[in-house]
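**Student:** Got a structure here, written out as structure tokens. Questions coming.
The values are calculated or read from the model by the stated rules, or taken from the named source; none is laboratory data. Keep in mind that this is a model prediction, so the values were computed, not measured. Cβ coordinates were reconstructed from backbone atoms using ideal geometry, including for glycine residues, and neighbour counts include every protein chain displayed. To get the accessible areas, we keep the full protein, side chains included, count just its heavy atoms, and leave off ligands, DNA and RNA. Shrake-Rupley method; radii C 1.70, N 1.55, O 1.52, S 1.80 Å.
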Amino acid sequence: MNLESHLRARREAGARLLVPYVTGGLGHDWTDVVRAVVDAGADAVEIGIPFSDPVMDGPTIQAASQRALDAGATPTSILADARTLDVGIPLAVMTYCNLVFHAGCVRFAEALRDAGIAGAILPDLPLGEIGEWADAADAADVETVMLAAPNTTDERLAAICARSRGFVYGVSLMGITGERASLADSATRIASRAKAATDLPVLLGVGISTPEQAAEASTVADGVVVGSALIARLLEGGGPAGAHELIASFRAALDASD
Amino acid sequence: MTDLNVPARGRPVVLGAPGPEPTVRGRFEDFGGQFVPETLIPALEELEREFRAAWASDEFRAEFADLLTSYAGRPTPITECHNLSERLGVRVILKREDLTHTGSHKINNVLGQALLTKRMGKQRVIAETGAGQHGVATATACALFGLDCTVFMGAVDVERQALNVWRMQLLGAEVVPVQSGSRTLKDAVNDALRDWVATVESTHYCIGSVVGPHPYPWIVREFQRVVGDEARAQCLAALGADPDVVVACVGGGSNAIGTFTGFVDGPARLIGVEAGGLGIESGRHGASVARGVPGILHGARSLFLQDEAGQILEAHSISAGLDYPGVGPEHAALAAIGRAEYVSATDDVALEGFRLLSVCEGIVPALEPAHAIGWLARAVGDEVPLGSTVLVTLSGRGDKDAAQVAEILRQRDA
């Protein structure tokens, strides 16, 4: 299932887009968590493939990654699990580029395709280094979502939007993943700049912590990615039911903001 | 700087010509690059721009040379080790980075990066440290220049290196114990990068080795090449020729690159000595060239110790300065093209080197270069022919390691 066309269709239907992030291999029931957030109204799901040294992630996702790795999660095992998911909405993986280049770009891209994964988000693979991966991903019909940061120049932003597939991931603040007390001022600015640069869906992520913040972010962006808030709930033992409850509250806030 | 400064050894540092830039996108052969979050790209572009301009500027180079002379105590001498030479059957010459201010080559790089920080108008500096040598050097430069300094140090290392933690605090730095991952040097780099992603507009990240995203491996090599440029001129004056073999220890590889760069266009064999830890076969070591595979960590493509899935493994070494699961990209390139050779010395061999140099020459080496000394002592007659002339970079002094080595030897003798 194509990520971009699905998100575009949802946007055209008037929806604010909601993409939860779930760390692959976090608990034996992580695929049930994915099903739960889909049931709660997700438009796509980001599946994290944990890496030993996740420099873009704060303590919450670091802890989840470590727990998954300690439980034996590997890219192979997570993609094997993901293949069993038939949730009716597109899935994207979020991981770090060492795991991709270690496997080989072509092998990794083909493994994603074979597991039914539509997209890939690689936060440490910027525009200047994307060539080898982009060629492999394009050939395997894997959509590579590019990230734009608050300090990205206009010139780079245009190039990032042109190279991005699926959607454009607006990093809402200067910093790493993790919950914040309020929505950063930089969030709506980068969203409106990206919206002006592309017709692709623009989602804000990093620091979107509450349904209220998600609604506020979506006044400019097409939607949000919710990571640490959900992972914190899972680390507390919330399980699929807790995940469902949390994502349903985000869904309700986004739907009410129309 | 004021005219009142008097060169420490009567003769000021003369910097060599700038070395070649890495190729497009910061590549050394297939290694290097800029694998970082988008947020860091503007800062890396600014740093590259500022360094290129500074390094071409006579004024900047003069200021750097003056600091190296009047503050760091350069040029450092070379010392011919007559006793050790007689014992081993090769002519051993040391490049004495142990005699610099703060006691290791790390000061060369931090003074250069502090000048860059000033030039960029930034007020805060962050750094990672393992044993604390780079942290102490960075805190020193920040004290000198009135910069705010935060040093990230693995919680395990904070406990092991209490004295250096106190030194950094005395110098005005904040030391942040890193609790993530293995809580050692690799994780200190991770947390420094995470801080930098949030503070990049006001903060300079002073990386301590020839690792990290472009332009760091290039910048740190250029600031450290004074070691090799001096050593080559000194060897030519003393020997009338290059040494046959040039040896340096390799963690991330900054003292080794600094040394090798002085000799790379000549005939000398270049040998990097990695941490063999408990033995390469034990799997508990820091030999990233010998046992690493190509990968991407801390912003660059290089050789890293990894498992089958590509997760980074923990390194092990008796020496915290070599306790890093990767190596700088230029070393990976020198190894790939065969211009430098990489060998390893175990913890035990390093301890032999530590004792040997102390006993023979009255020089207590840091545990890092003790790997190079220990390796050499065992390699004579084999990898190093009898009668060779060998330059070894003594990258730091052993005071920091005295308590640790005393404890190890006490336990062994018991």
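Yes/no per residue for (1) under 26 Å from B:SER358 (Cβ atoms); (2) among the charged types (D, E, K, R):
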site: B:THR100; (1), (2): yes, no
site: B:ASN109; (1), (2): no, no
site: B:LYS122; (1), (2): no, yes
site: B:ALA137; (1), (2): yes, no
site: B:ARG160; (1), (2): yes, yes
site: B:LEU163; (1), (2): yes, no
site: B:MET168; (1), (2): no, no
site: B:GLY172; (1), (2): no, no
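**Student:** Quick one: B:PRO22 ticks every box in (1) at pLDDT below 95; (2) touching a strand residue (DSSP E or B) at 6+ places or on another chain (Cβ under 8 Å); (3) on the phi > 0 side of the Ramachandran plot bar one, so which box is it?
**Tutor:** Every listed condition holds for B:PRO22 apart from (3).
**Student:** Quick check on my filter: what residues within the stretch B:128-159 are of a type in the set (Gly, Ala, Ser) and in contact with a Gly (Cβ under 6 Å, 6 or more places away or on another chain)? Before you say what the answer is, go through the steps one by one.
**Tutor:** Filtering the stretch B:128-159 for residues of a type in the set (Gly, Ala, Ser) gives B:130-132, B:135, B:137, B:139, B:141, B:143, B:146, B:154-155.
Listed by number, the residues that qualify are B:GLY130, B:ALA131, B:ALA143.
**Student:** For the stretch A:193-204, which residues satisfy the criterion of being open to solvent by less than 10 Å² (accessible area, probe 1.4 Å) and of a type in the set (Gly, Ala, Ser)?
**Tutor:** Listed by number, the list holds a single entry, A:ALA194.
**Student:** Specify the residue that is nearest to the other protein chains (Cβ to nearest Cβ); the eligible residues are those in the stretch B:324-354 that are open to solvent by 20 Å² or more (accessible area, probe 1.4 Å) and not in a helix (DSSP H, G or I).
**Tutor:** B:TYR342
**Student:** Out of the residues in the stretch B:282-311 meeting the condition of being closer than 26 Å to B:VAL245 by Cβ and open to solvent by 50 Å² or more (accessible area, probe 1.4 Å), tell me which one is nearest to the other protein chains (Cβ to nearest Cβ). Don't jump to the end; show me each part of the working.
**Tutor:** So the first thing to find is which residues in the stretch B:282-311 are closer than 26 Å to B:VAL245 by Cβ, and the list is B:285-292, B:302-303.
Filter once more, so that each one left must be open to solvent by 50 Å² or more (accessible area, probe 1.4 Å): B:290-291.
Working: B:ALA290: 18, B:ARG291: 15 Å.
The qualifying residue nearest to the other protein chains (Cβ to nearest Cβ) is B:ARG291.
**Student:** Kindly provide the set of residues from the stretch B:312-323 that are within 14 Å of another protein chain (Cβ to nearest Cβ) and outside any loop (DSSP other than H, G, I, E, B), ordered by number. Reasoning before the result, please.
**Tutor:** Of all residues in the stretch B:312-323, those within 14 Å of another protein chain (Cβ to nearest Cβ) come to B:312-315.
The answer is B:ILE312, and nothing else.
**Student:** Kindly check whether there is at least one residue in the stretch B:302-310 that is under 16 Å from the mean Cα position of the chain (by Cα) and either over 24 Å from A:PHE108 (Cα atoms) or at pLDDT 95 or above (or both).
**Tutor:** Quick first cut of the stretch B:302-310, residues under 16 Å from the mean Cα position of the chain (by Cα) only: none.
Scanning the stretch B:302-310, I find no residue that is under 16 Å from the mean Cα position of the chain (by Cα) and either over 24 Å from A:PHE108 (Cα atoms) or at pLDDT 95 or above (or both), so the answer is no.
**Student:** Quick check on the stretch B:233-254. Is at least one of its residues closer than 17 Å to B:ALA340 by Cα, in contact (Cβ under 8 Å) with a residue 40 or more places away in the chain, touching a Lys or Arg at 6+ places or on another chain (Cβ under 8 Å) and in a helix (DSSP H, G or I)?
**Tutor:** Yes; the residues of the stretch B:233-254 include at least one that is closer than 17 Å to B:ALA340 by Cα, in contact (Cβ under 8 Å) with a residue 40 or more places away in the chain, touching a Lys or Arg at 6+ places or on another chain (Cβ under 8 Å) and in a helix (DSSP H, G or I).
**Student:** Right, something else. Scan the stretch A:94-114 for residues that are buried (at least 24 other Cβ atoms within 10 Å of the Cβ) and away from chain B (no Cβ under 14 Å) and jot them down.
**Tutor:** If the condition is that a residue be buried (at least 24 other Cβ atoms within 10 Å of the Cβ) and away from chain B (no Cβ under 14 Å), then A:ALA109, A:LEU112 are the ones that fit.
**Student:** Can you confirm whether the stretch A:164-173 contains a residue that is over 26 Å from A:ALA134 (Cβ atoms) and within 17 Å of the chain's Cα centre (by Cα)? Write out each step before concluding.
**Tutor:** Of the residues in the stretch A:164-173, the ones over 26 Å from A:ALA134 (Cβ atoms) are A:173.
If we keep only those that are within 17 Å of the chain's Cα centre (by Cα) too, we end up with A:173.
Yes: one or more hits.
**Student:** Here is a list of conditions, (1) within 25 Å of A:ILE49 (Cβ to Cβ); (2) surrounded by fewer than 22 Cβ atoms within 10 Å (Cβ to Cβ), and A:ASP255 meets all of them except one; can you say which number that is?
**Tutor:** (1)
**Student:** So, A:ALA181, is that one among the small types (Gly, Ala, Ser), open to solvent by 10 Å² or more (accessible area, probe 1.4 Å) and more than 22 Å from A:VAL226 (Cα to Cα) or not? Before you say what the answer is, go through the steps one by one.
**Tutor:** On the way: among the small types (Gly, Ala, Ser): yes; open to solvent by 10 Å² or more (accessible area, probe 1.4 Å): yes; more than 22 Å from A:VAL226 (Cα to Cα): no.
No: the conditions fail for A:ALA181.
**Student:** Further, regarding this structure: Of the residues that sit in the stretch A:176-193 and are within 12 Å of chain B (Cβ to nearest Cβ) and without any contact (Cβ under 8 Å) to a residue 60 or more places away in the chain, which one is farthest from B:THR199 (Cα to Cα)? Walk me through how you get there before you give the answer.
**Tutor:** So the first thing to find is which residues in the stretch A:176-193 are within 12 Å of chain B (Cβ to nearest Cβ), and the list is A:176-178, A:180, A:184, A:186, A:190.
Among the residues that remain, those that are also without any contact (Cβ under 8 Å) to a residue 60 or more places away in the chain are: A:180, A:184, A:186, A:190.
On the way: A:ARG180: 16, A:ALA184: 14, A:SER186: 14, A:ILE190: 18 Å.
Filtering the stretch A:176-193 for residues that are within 12 Å of chain B (Cβ to nearest Cβ) and without any contact (Cβ under 8 Å) to a residue 60 or more places away in the chain, the one farthest from B:THR199 (Cα to Cα) comes out as A:ILE190.
**Student:** A:SER77 passes all but one of (1) open to solvent by less than 30 Å² (accessible area, probe 1.4 Å); (2) within 14 Å of chain B (Cβ to nearest Cβ); which number fails?
**Tutor:** The number of the failed condition is (1).
**Student:** Restricting to the stretch A:150-167, what's the tally of residues that are out of contact with any Ser or Thr (no Cβ under 6 Å at 6 or more places or on another chain) and open to solvent by less than 10 Å² (accessible area, probe 1.4 Å)?
**Tutor:** The total comes to 6.
**Student:** Condition first: under 17 Å from B:LEU313 (Cβ atoms), hydroxyl-bearing (Ser, Thr, Tyr) and part of a helix (DSSP H, G or I). Now tell me which residues in the stretch A:63-92 satisfy that.
**Tutor:** A:SER65
**Student:** Across the stretch A:159-175, what is the number of residues that are part of a helix (DSSP H, G or I), within 14 Å of chain B (Cβ to nearest Cβ) and of a type in the set (A, V, I, L, M)? So that I can check it myself, show each step before the final result.
**Tutor:** Step one: of the stretch A:159-175, the residues part of a helix (DSSP H, G or I) are A:159-163.
From what is left, the residues that are within 14 Å of chain B (Cβ to nearest Cβ) are A:159-161, A:163.
Still in the running and of a type in the set (A, V, I, L, M): A:159-160.
Here the count works out to 2.
**Student:** Give, as residue ranges, the strands (runs of 3 or more DSSP E) completely inside the stretch B:95-214 that count at least 2 residues that are open to solvent by less than 10 Å² (accessible area, probe 1.4 Å).
**Tutor:** Those strands (runs of 3 or more DSSP E) span B:124-129, B:148-154, B:203-205.
**Student:** Test B:ALA233 against the criterion of being away from every other protein chain (no Cβ under 14 Å), over 30 Å from A:THR95 (Cβ atoms), hydrophobic (A, V, I, L, M, F, W, C) and surrounded by fewer than 24 Cβ atoms within 10 Å (Cβ to Cβ), and give yes or no.
**Tutor:** Values: away from every other protein chain (no Cβ under 14 Å): yes; over 30 Å from A:THR95 (Cβ atoms): yes; hydrophobic (A, V, I, L, M, F, W, C): yes; surrounded by fewer than 24 Cβ atoms within 10 Å (Cβ to Cβ): yes.
For B:ALA233, the condition - away from every other protein chain (no Cβ under 14 Å), over 30 Å from A:THR95 (Cβ atoms), hydrophobic (A, V, I, L, M, F, W, C) and surrounded by fewer than 24 Cβ atoms within 10 Å (Cβ to Cβ) - is met.
**Student:** Within the group B:THR203, B:THR259, which residue is over 23 Å from A:ASN98 (Cβ atoms), within 14 Å of another protein chain (Cβ to nearest Cβ) and not aliphatic (A, V, I, L, M)?
**Tutor:** Details: B:THR259 fails: within 14 Å of another protein chain (Cβ to nearest Cβ).
That would be B:THR203, the only listed residue that is over 23 Å from A:ASN98 (Cβ atoms), within 14 Å of another protein chain (Cβ to nearest Cβ) and not aliphatic (A, V, I, L, M).
**Student:** If I ask for residues that are assigned to a loop (DSSP other than H, G, I, E, B), within 12 Å of chain B (Cβ to nearest Cβ) and aliphatic (A, V, I, L, M), which ones from the stretch A:115-131 would you list?
**Tutor:** Within the stretch A:115-131, A:LEU122, A:LEU125, A:ILE130 qualify.
**Student:** Output the residues belonging to the stretch A:2-24 that are under 16 Å from the mean Cα position of the chain (by Cα) and part of a loop (DSSP other than H, G, I, E, B).
**Tutor:** A:ASN2, A:ARG16, A:GLY24
**Student:** Across the stretch A:132-149, which residue is farthest from the other protein chains (Cβ to nearest Cβ) among those that are open to solvent by 30 Å² or more (accessible area, probe 1.4 Å) and more than 18 Å from A:ASN98 (Cα to Cα)? Even if it seems obvious, please write down each step before you answer.
**Tutor:** Of the residues in the stretch A:132-149, the ones open to solvent by 30 Å² or more (accessible area, probe 1.4 Å) are A:132, A:135, A:138-139, A:141.
Add one more test, that the residue is more than 18 Å from A:ASN98 (Cα to Cα), and what stays is A:138-139, A:141.
Details: A:ASP138: 20, A:ALA139: 21, A:ASP141: 23 Å.
The selected residue is A:ASP141.
**Student:** Now a separate question. Kindly indicate whether A:ILE89 is open to solvent by less than 10 Å² (accessible area, probe 1.4 Å), more than 10 Å from every other protein chain (Cβ to nearest Cβ), out of contact with any Leu (no Cβ under 6 Å at 6 or more places or on another chain) and in contact (Cβ under 8 Å) with a residue 60 or more places away in the chain.
**Tutor:** No.
**Student:** Tally up the residues in the stretch B:40-58 that are open to solvent by 20 Å² or more (accessible area, probe 1.4 Å) and within 14 Å of another protein chain (Cβ to nearest Cβ), please. Break it down stepwise before answering.
**Tutor:** First pass over the stretch B:40-58, keeping only residues open to solvent by 20 Å² or more (accessible area, probe 1.4 Å): B:42, B:45-46, B:48-50, B:52-53, B:56-58.
Among the residues that remain, those that are also within 14 Å of another protein chain (Cβ to nearest Cβ) are: B:42, B:45-46, B:48-49.
Count: 5.
**Student:** Kindly provide the set of residues from the stretch A:31-62 that are touching a helix residue (DSSP H, G or I) at 6+ places or on another chain (Cβ under 6 Å), open to solvent by 10 Å² or more (accessible area, probe 1.4 Å), within 12 Å of another protein chain (Cβ to nearest Cβ) and assigned to a helix (DSSP H, G or I), ordered by number.
**Tutor:** If the condition is that a residue be touching a helix residue (DSSP H, G or I) at 6+ places or on another chain (Cβ under 6 Å), open to solvent by 10 Å² or more (accessible area, probe 1.4 Å), within 12 Å of another protein chain (Cβ to nearest Cβ) and assigned to a helix (DSSP H, G or I), then A:THR60 is the only one that fits.
**Student:** Considering the stretch A:205-215 alone, what residues qualify as being more than 14 Å from chain B (Cβ to nearest Cβ) and either under 21 Å from B:ALA198 (Cβ atoms) or buried (at least 24 other Cβ atoms within 10 Å of the Cβ) (or both)? Walk me through it before giving the result.
**Tutor:** We begin by selecting, within the stretch A:205-215, every residue more than 14 Å from chain B (Cβ to nearest Cβ); these are A:208-215.
Within the stretch A:205-215, A:ILE208, A:SER209, A:THR210, A:GLN213, A:ALA214 qualify.
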